[in-house]
Amino acid sequence: MTNPSPHRRPARAVWLVLAALMVAAILTVAGPARPAAASCGGTTTVGTEAQLNAAIAAFNAVAAGPCVFTIALSGNIDLTASTAMINNATTGVSLVIEGAAHTVDGQGKLGVRGFWVWRSTHVVINQITVKGGNLNDENGAGIRNEGNLTLTNSTITGNSVTGTKVVGGGGIENARGATLTVRNSTISGNSSAQTGGGIGSDGDVTLDSVTITNNSSTTCGSGYCGATGSLTIRNSIIAGNTGAPDCRDVLGNVTDQGHNLVQSQSNCGIVNGANGNIVGVSANLGALADNGGPTQTHLPNAGSPVINAG
């Protein structure tokens with residue numbers, strides 16, 4: 001069995017690690033793995049909306065790789081409009097956004113999205129909170145990914161998509177052909193008028209030590225909805241979401257790598273007792289709060305099934 005922590009622990013403690021790392025995500029790791037490439041010009045430090053958009057524009061203009069362009073947040077950023085689209089498909093060029101425990105906040109303003117990753121663009125986002133995105137008749141209020149996105153040690157919360165069109169991905173929308181990897185992160189308190197309150201996906205998703213809870217939608221999966229593409233899931237919780245099953249994968253294209261808790265599901269294929277999985281019960285988590293890590297997380301309450309269950 002694979003230990004979800006970067007620090008090895010005895011197998012007996014796996015679910016305790018899950019409670020402290022996956023559910024709470026309170027262990028700060030050194031940062032995401034970097035592509036083996038030179039810098040595109042050092043680190044650009046940003047502390048305002050204008051600076052963030054200018055840095056994204058500078059990354060978009062990089063014309064030759066391989067190299068890594070790094071943006072580092074120096075403070076919380078309140079948005080008045082959606083951030084600039086992240087768009088650079090140049091071979092070998094990638095973007096790393098280091099949140100440094102700061103927040104990008106759409107403030108609930110209608111029409112504001114946190115981040116949009118365009119096709120064939122490679123992005124890593126680490127230690128950030130994305131909140132307050134609010135869209136009508138669009139997908140992905142927190143983040144819309146159409147490229148290749150890795151999200152680590154982060155929290156996506158309080159984002160909402162509404163409208164009468166087929167909308168989804170209150171927290172994150174992963175488009176057809178896109179690849180999304182989420183590690184050691186929390187997706188909580190997001191909503192969709194239709195599908196995928198937490199994550200809505202038409203592409204390929206990997207969830208590794210992720211908590212998806214307190215999200216809502218009216219159809220498909222209130223926590224996770226996969227319409228097409230695939231889902232690979234390990235050491236993760238999808239529970240406590242409302243309005244539809246916590247997890248739904250329309251095609252059933254799910255790879256279960258074990259030690260998951262899924263409260264309710266439709267076609268997600270997680271089997272109770274197999275691979276250390278727990279199915280059909282509440283995760284019994286506390287409120288989203290500051291538990292000592294780079295972003296707010298959910299600690300398990302006393303008696304939670306994720307504690308000492310391995």
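Filtering segment 203-220 down to residues that are modelled with pLDDT of 95 or more and not in a strand (DSSP E or B), which residue is nearest to R144 (Cα to Cα)?
Ranking the qualifying residues of segment 203-220, first place goes to G203.
State all residues of segment 228-241 that are touching a residue at least 40 places away in the same chain (Cβ under 8 Å), surrounded by fewer than 24 Cβ atoms within 10 Å (Cβ to Cβ) and either part of a loop (DSSP other than H, G, I, E, B) or among the hydroxyl-bearing types (S, T, Y) (or both); if no residue qualifies, say none.
Answer for segment 228-241, where residues must be touching a residue at least 40 places away in the same chain (Cβ under 8 Å), surrounded by fewer than 24 Cβ atoms within 10 Å (Cβ to Cβ) and either part of a loop (DSSP other than H, G, I, E, B) or among the hydroxyl-bearing types (S, T, Y) (or both): T228, G229, G240.
Going through G132, G158, G169, G142 one at a time, which residue ends up being within 23 Å of T295 (Cα to Cα) and touching a Cys at 6+ places or on another chain (Cβ under 9 Å)? Full working, then the answer.
Values: G132 fails: touching a Cys at 6+ places or on another chain (Cβ under 9 Å); G158 fails: touching a Cys at 6+ places or on another chain (Cβ under 9 Å); G142 fails: touching a Cys at 6+ places or on another chain (Cβ under 9 Å).
After ruling out the rest, the residue left standing is G169.
For segment 85-108, enumerate the residues that are farther than 19 Å from G170 by Cα and outside any strand (DSSP E or B).
N87, N88, A89, T90, T91, G92, listed by residue number.
Table: residues versus (1) closer than 26 Å to L261 by Cα; (2) at pLDDT below 95; (3) acidic (D, E).
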residue: A30; (1), (2), (3): no, yes, no
residue: S39; (1), (2), (3): no, yes, no
residue: E49; (1), (2), (3): no, no, yes
residue: A61; (1), (2), (3): no, no, no
residue: T70; (1), (2), (3): no, no, no
residue: I77; (1), (2), (3): no, no, no
residue: A81; (1), (2), (3): no, no, no
residue: E98; (1), (2), (3): no, no, yes
residue: A101; (1), (2), (3): no, no, no
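Quick one: how many residues across segment 41-50 are under 24 Å from the mean Cα position of the chain (by Cα) and in a helix (DSSP H, G or I)?
Summing the residues that are under 24 Å from the mean Cα position of the chain (by Cα) and in a helix (DSSP H, G or I) in segment 41-50 gives 1.
Report, by residue number, each residue of segment 258-289 that is without any contact (Cβ under 8 Å) to a residue 60 or more places away in the chain, farther than 18 Å from C220 by Cα and part of a loop (DSSP other than H, G, I, E, B).
Answer for segment 258-289, where residues must be without any contact (Cβ under 8 Å) to a residue 60 or more places away in the chain, farther than 18 Å from C220 by Cα and part of a loop (DSSP other than H, G, I, E, B): N260, V271, N272, G273, N277, V281, S282, N284.
Just for segment 160-179: of the residues that are in a loop (DSSP other than H, G, I, E, B), buried (at least 21 other Cβ atoms within 10 Å of the Cβ) and at pLDDT 95 or above, which one is nearest to the chain's Cα centre (by Cα)?
Of everything passing the filter in segment 160-179, G171 is nearest to the chain's Cα centre (by Cα).
Tally up the residues in segment 192-208 that are buried (at least 24 other Cβ atoms within 10 Å of the Cβ) and under 18 Å from H298 (Cα atoms), please.
Summing the residues that are buried (at least 24 other Cβ atoms within 10 Å of the Cβ) and under 18 Å from H298 (Cα atoms) in segment 192-208 gives 4.
Can you tell me which residue within segment 200-227, out of those that are of a type in the set (A, V, I, L, M) and either without any contact (Cβ under 8 Å) to a residue 24 or more places away in the chain or in contact with a Lys or Arg (Cβ under 9 Å, 6 or more places away or on another chain) (or both), is farthest from T155 (Cα to Cα)?
A227
Among residues belonging to segment 69-83 that are among the β-branched types (V, I, T) and outside any loop (DSSP other than H, G, I, E, B), point out the one that is nearest to G106 (Cα to Cα).
Looking at the filtered set, the residue picked out is I77.
Count, please, the residues in segment 180-202 that happen to be at pLDDT 95 or above, in a loop (DSSP other than H, G, I, E, B) and of a type outside the set (G, A, S).
2
Let's see how each residue does on (1) of a type in the set (V, I, T); (2) in contact with a Ser or Thr (Cβ under 8 Å, 6 or more places away or on another chain):
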site: A58; (1), (2): no, yes
site: G99; (1), (2): no, yes
site: R113; (1), (2): no, yes
site: S120; (1), (2): no, no
site: N134; (1), (2): no, yes
site: R144; (1), (2): no, no
site: T152; (1), (2): yes, yes
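The values are calculated or read from the model by the stated rules, or taken from the named source; none is laboratory data. Keep in mind it's a predicted model, so treat the numbers as computed, not measured. Ideal geometry is used to build each Cβ from the backbone, glycine not excepted, and the neighbour counts take in all protein chains shown.
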